[in-house]
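Student: Encoded as structure tokens, here's the structure I'll be asking about.
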Amino acid sequence: QVQLVESGGGLVQPGGSLRLSCAASGFIFSLYTMNWYRQAPGKQRELVASITRGGSSDYTDSWKGRFTISRDNAKNTVYLQMNSLKPEDTAVYYCNARFNSIAFWGQGTQVTVSS
């Protein structure tokens, strides 16, 4: 049974940091490109960051320089370190695993940036 379980979300003040984790099971994690998406209220889901099975990372411009994606294949886990958080970063953050046409999604974790 495939599972992607996100954790680490919560309420944080502007300028603060959070680290999201996504624990994967039920598939060969090391073969998959792992992605973090987000969906803000009233908006479409959008890609934040990706990391290939080889460890190469890429970011959507809006988050480049503030967010860092990483993975630990030994722990079947992908992370998103989020720094200098802004109110506009408020969204549900989703973990995604992709291999060719196969894709899995987690349930999401809420991040709220507010004073």
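The values are calculated or read from the model by the stated rules, or taken from the named source; none is laboratory data. This one's a predicted model, so the numbers in the text were calculated from it and none came from an experiment. With ideal geometry, Cβ positions are generated from the backbone for all residues, glycine too; neighbour counts draw on all protein chains shown. Side chains included, ligands, DNA and RNA excluded: accessible areas come from the protein's heavy atoms. Shrake-Rupley method; radii C 1.70, N 1.55, O 1.52, S 1.80 Å.
Student: List the extent of the Cα atoms of the range 11-73 along each of their three principal axes, largest first, rounded to whole Å.
Tutor: 36, 24, 23
Student: Separate question: Whole Å is fine, so just give me how far the alpha carbon centre of the range 75-93 lies from that of the range 20-62.
Tutor: A separation of 10 Å, based on Cα centres.
Student: Using a 10 angstrom cutoff on alpha carbons, build the Gaussian network for the chain and name the most mobile of 41, 14, 87.
Tutor: 41
Student: Excluding residue 34 itself, calculate the net charge of residues whose Cβ lies under 9 Å from the Cβ of residue 34, where each Lys or Arg counts +1 and each Asp or Glu counts -1.
Tutor: Its environment carries a net charge of +3.
Student: If I take every Cα pair under 8 Å that is 6 or more residues apart in the range 23-97, average their sequence separation and divide by the length, what percent do I get for the relative contact order?
Tutor: Relative contact order, the range 23-97: 36 percent.
Student: Roughly how many percent of the accessible protein surface of the range 32-115 is carbon and sulfur, given a 1.4 Å probe and a whole-percent answer?
Tutor: Carbon with sulfur: 44 percent of the solvent-accessible area.
Student: Among 103, 49, 24, determine the one that fluctuates most according to a GNM of the chain built with springs between C-alpha atoms less than 10 Å apart.
Tutor: Fluctuation is largest for 103.
Student: Residues with beta-carbon under 9 Å from that of residue 79, excluding residue 79: net charge, scoring Lys, Arg +1 and Asp, Glu -1?
Tutor: Net charge in that neighbourhood comes out at +1.
Student: Please identify, among 55, 26, 16, the residue showing maximal mean-square fluctuation in a Gaussian network model of the chain using a 10 angstrom Cα cutoff.
Tutor: Among 55, 26, 16, the largest mean-square fluctuation in the Gaussian network model of the chain belongs to 26.
Student: Less than 12 Å Cβ to Cβ from residue 92, Lys/Arg counted +1 and Asp/Glu -1: what total charge do the surrounding residues give?
Tutor: 0
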